[in-house]
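The values are calculated or read from the model by the stated rules, or taken from the named source; none is laboratory data. Because the structure is predicted, anything quoted here is derived from the model rather than measured. Backbone-built Cβ (ideal geometry, glycine too); neighbour counts: all protein chains shown.
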Amino acid sequence: MNRSVSGIGMTSQRTRGRMIERLREQGIRDERVLTAIAAVPRHVFVEEALASRAYEDTALPLGFSQTISQPYIVARMIEVLRDGRELGKTLEIGAGCGYQAAVLAQLTDEVYAVERIELLLAKAKLNLRAIQQFKVRLKYADGQLGLPEAAPFDTIIVAAAASCVPTALLQQLALGGRMLLPLGAGDQFLLLIERHAQGYVETRLDGVRFVPLLSGLE
Ligand code: SAH
């Protein structure tokens, strides 16, 4: 597979522009997040047969029963995490095809992304190479354990829904750091966790639907 980044050329430019307009209409205000999303060609990350739908605001299948998140969710989560500050050293749990990691890499120089399905990780590597994004450090690991060798993190973003907050992730959050994760087995919502010297502060945000965070490797 060697799809060119400019594969769908002008059509991609125009539909990408429309995607950004839609994100604005949906309430995304952080211009740096919008610029980051505009800079990443999403069609490179989805199955070739779905490339023409890459700029619709929907989740799309990645294979292995996983999905690439909807652009609105990627934008919303990063906007919440940024909240006007720099993301700093960032850990993504659930790299999938590498799309969200590529968006994060537009906003910070230090991105670690962990994935538990080896073949998906290989796909993410190819996709990031195809767009010449070499900053993201991809790791094959169970993200429930975080990434102790690179901790602490200023930002942790979880792309799969946990039934409870993984303790290792709380421990690996830097003081002043922020973590955002989908939580819940049936009904899910986004939970923002900020770590202060006095402890952790949790804020419950939007209802969402993510694939489950699983244990072990595949
Ligand atoms: N952020 C991805 C979409 C991820 S879908 C993108 O932009 O494409 C959620 C991903 O989380 C899946 O790839 C799934 O395999 C992964 N995942 C689930 N549980 C995990 C765990 N414990 N550790 C690492 N990755 C996990």
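Out of curiosity, is residue 126 surrounded by fewer than 21 Cβ atoms within 10 Å (Cβ to Cβ), of a type outside the set (S, T, N, Q) and within 12 Å of the ligand (Cβ to nearest atom)? Here the answer is no, as residue 126 does not meet what is asked. Restricting to region 1-49, count the residues that are assigned to a helix (DSSP H, G or I), at pLDDT 90 or above, among the β-branched types (Val, Ile, Thr) and surrounded by 15 or more Cβ atoms within 10 Å (Cβ to Cβ). Going through region 1-49 one residue at a time, the tally reaches 4. Exactly one of these conditions fails for residue 84: (1) at positive phi; (2) more than 15 Å from the chain's Cα centre (by Cα); (3) within 13 Å of the ligand (Cβ to nearest atom); (4) not acidic (Asp, Glu). Give me its number. The number of the failed condition is (3). Criterion applied to 52, 65, 69 was being surrounded by fewer than 19 Cβ atoms within 10 Å (Cβ to Cβ) and within 14 Å of the ligand (Cβ to nearest atom), and the one residue passing it is 65. Looking only at residues of region 129-148 that are within 21 Å of residue 213 (Cα to Cα) and small (Gly, Ala, Ser), we find that the one that is farthest from the ligand (Cβ to nearest atom) is 146.
Restricting to region 87-122, and then to whatever is in a helix (DSSP H, G or I) and more than 11 Å from the ligand (Cβ to nearest atom), can you tell me which residue is nearest to residue 58 (Cα to Cα)?
The initial filter retains those residues of region 87-122 that are in a helix (DSSP H, G or I), namely 99-105, 118-122.
Then keep just the ones that are more than 11 Å from the ligand (Cβ to nearest atom); that gives 105, 122.
On the way: 105: 22, 122: 23 Å.
Checked region 87-122; the qualifying residue nearest to residue 58 (Cα to Cα) is 105.
Just one residue in the set 176, 216, 186 is in contact with a Lys or Arg (Cβ under 8 Å, 6 or more places away or on another chain), assigned to a loop (DSSP other than H, G, I, E, B) and not aromatic (Phe, Trp, Tyr); that residue is 216. Taking each residue of region 117-138 that is touching a residue at least 60 places away in the same chain (Cβ under 8 Å) and looking for partners that are more than 13 Å from the ligand (Cβ to nearest atom) with beta-carbon atoms closer than 6 Å, six or more apart or interchain, yields 131/5.
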